[in-house]
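Bear in mind these aren't lab numbers, they're just calculated from the coordinates by the rules spelled out. Here the structure is a predicted model, which means the values were calculated and not measured. Don't worry about glycine lacking a Cβ; one is built from the backbone with ideal geometry, like all the others, and counts go over all protein chains shown.
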Amino acid sequence: MSATRLPGTPRLLRALNDRAALELLLEQGPLTRARIGELTGLSKVTASQLVERLEERGLVTRVGEQAGGRGPNAQLYAVRPGSAHVVGVDVGPERVVAACADITGAVLGRVEQSTKDTDDPVGVVHNAVVQVAGSAGAQLSSVRRIVLGTPGLVDPGTGDITFAYNLPRWHRGLLAALRDDLDTPVVFENDVNLAAVAEAQSGAVGGLADFVLVWVGAGVGLAIMLGGRLHHGSSGAAGEIGYLPVPGAPIPRDVSRRAKPAFQQLVGADAIRALAREHGYPDAAAEAVRAATADGTAGAPMLDEVARRLALGVASTCVVLDPPLVVLAGQVGQAGGTALAERVQHEVAAITLVRPRVVTTGLTEEPVLHGALRTALDAVRDEVFGSTVG
């Protein structure tokens with residue numbers, strides 16, 4: 001009995017080889033045809049055909065020559081940066097920040113737009129995207145995906161915003177309006193989730209597939225990474241740690257009336273500012289925590305109290321998920337540094353059976369924006385690199 005022949009197998013193999021070659025070019029920079037063949041295990045003839053195919057489709061380009069021994073120099077090839085672009089947008093209550101990157105990940109432009117005096121979120125995003133694409137020298141038609149990081153809940157089913165506490169003008173229906181306006185795939189993602197994506201890519205995670213990121217700033221949030229993938233929950237509310245009912249704060253019965261949730265009352269910016277005043281520190285949350293950290297022994301009482309409060313939420317999360325690592329991020333989490341992280345680690349171990357390692361974020365510049373770009377790049381590379389075989 002003859003074996004069943006799988007239809008399309010040669011085409012599938014070509015597509016897999018093309019993807020492997022493109023990933024190598026992104027990771028290692030310009031390579032010769034011979035080196036691509038060595039690294040992928042392909043013959044010289046097959047590697048040459050692969051490169052020709054990718055060059056014809058505008059995905060790779062010749063960028064120079066490599067001097068060899070006898071004979072002509074070998075051509076060097078790289079991924080063509082302009083084959084696709086992406087835009088990431090960090091949406092806040094007072095401004096949006098947009099950045100444009102090419103398919104290699106190089107950031108080519110960045111713009112800011114105020115949101116204070118407008119009731120038109122579509123117009124704000126439209127202007128930011130058009131301006132940042134222009135500053136990057138990219139045609140809007142080459143922008144293959146736009147990812148917006150926003151506070152609040154994003155419905156996993158529809159992709160639309162369902163609740164944003166401090167962005168009342170951002171609402172259901174906005175996603176469709178943006179897609180129609182920009183004629184480009186647009187995706188919303190929770191801002192803290194995007195910070196975790198950036199952390200996993202180039203922060204303090206060190207390659208771990210499972211970790212949680214706790215964001216402490218004006219608000220408080222949590223991102224859950226399991227098996228290298230974000231966990232959103234059935235309604236997109238996974239990680240809304242501010243709503244944890246914890247001891248030491250009244251529990252509101254109707255969150256739709258914008259009552260401040262319990263854990264938020266303990267560790268949000270207002271609570272940290274009040275704590276700072278009690279201990280004689282500046283009336284600004286991150287600055288107060290940074291000052292207490294710099295004060296060493298004198299600042300210990302304030303840091304101890306911040307850590308005790310923060311550990312209530314971290315412990316509640318960790319006793320359910322049991323992650324090996326907790327990353328403290330956001331303005332307050334970053335300001336506390338190692339001194340705060342070590343205190344939280346000690347306190348969590350003291351009140352639960354789990355002992356996760358707690359570290360401060362490894363990212364200092366615009367993690368939400370970089371997470372948005374990374375999310376957009378991953379999707380666009382899948383699309384572009386996955387369709388190389390006609």
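Near residue 205: Cβ cut-off under 14 Å, other residues only, Lys/Arg at +1 and Asp/Glu at -1. The net charge is +1.
The Rg/Rh ratio for segment 206-362, using Cα coordinates for both the radius of gyration and the Kirkwood hydrodynamic radius, is 0.96. Here the relative contact order of the chain, from alpha carbon pairs under 8 Å that lie six or more residues apart, stands at 15 percent.
Rounded to the nearest 500, the helix-only mean residue ellipticity at 222 nm of the chain stands at -13500 deg cm²/dmol, with each DSSP H run of n ≥ 4 adding -39,500 (n - 2.57). Once the Kirkwood radius over Cα pairs is known for segment 9-79, the Stokes-Einstein relation at 25 °C and 0.890 mPa s delivers a diffusion coefficient of 201 µm²/s. Remark on segment 1-133: Rg and Dmax equal 21.4, 75 Å (Cα only).
Based on the Stokes-Einstein relation at 25 °C and a viscosity of 0.890 mPa s, and on the Kirkwood radius from alpha carbon pairs, the chain is assigned a translational diffusion coefficient of 106 µm²/s. Taking 37 °C and 0.692 mPa s as conditions, segment 109-260 diffuses translationally at an estimated 191 µm²/s according to Stokes-Einstein applied to its Kirkwood radius (Cα pairs). Taking other C-beta atoms within 10 angstrom as a stand-in for reagent exposure, 384, 320, 344 fall in the order 320, 384, 344, fewest first.
Considering only 207, 246, 147, the residue lying farthest towards the positive end of the dipole of the chain is 207, judged by Cα position with unit charges set on Cβ. Net charge of the neighbourhood of residue 87, taken over other residues with C-beta under 10 Å away and scored Lys/Arg +1, Asp/Glu -1, is +2. What you get for the chain, charging only the Cβ of Lys and Arg (+1) and of Asp and Glu (-1), is a dipole of about 980 debye around the Cα centre. With neighbours defined as other Cβ atoms within 10 Å of a residue's Cβ, the residues 44, 116, 260 order from fewest to most as 116, 44, 260. When 22, 328 are sorted by how many other C-beta atoms sit within 10 angstrom of their C-beta, beginning with the fewest, the order is 22, 328.
Bridges between two residues of the chain, per DSSP, are antiparallel at a rate of about 65%. You can think of it this way: the chain between residue 26 and residue 12 has 2.9 nm of extra reach, that is 0.36 nm per residue less the Cα-Cα gap. The distance from the alpha carbon centre of segment 186-254 to that of segment 130-150 is 27 Å, rounded to a whole number. For the listed peptides 295-304, 140-149, a ranking on the average number of other beta carbons within 10 Å per residue, highest first, reads 140-149, 295-304.
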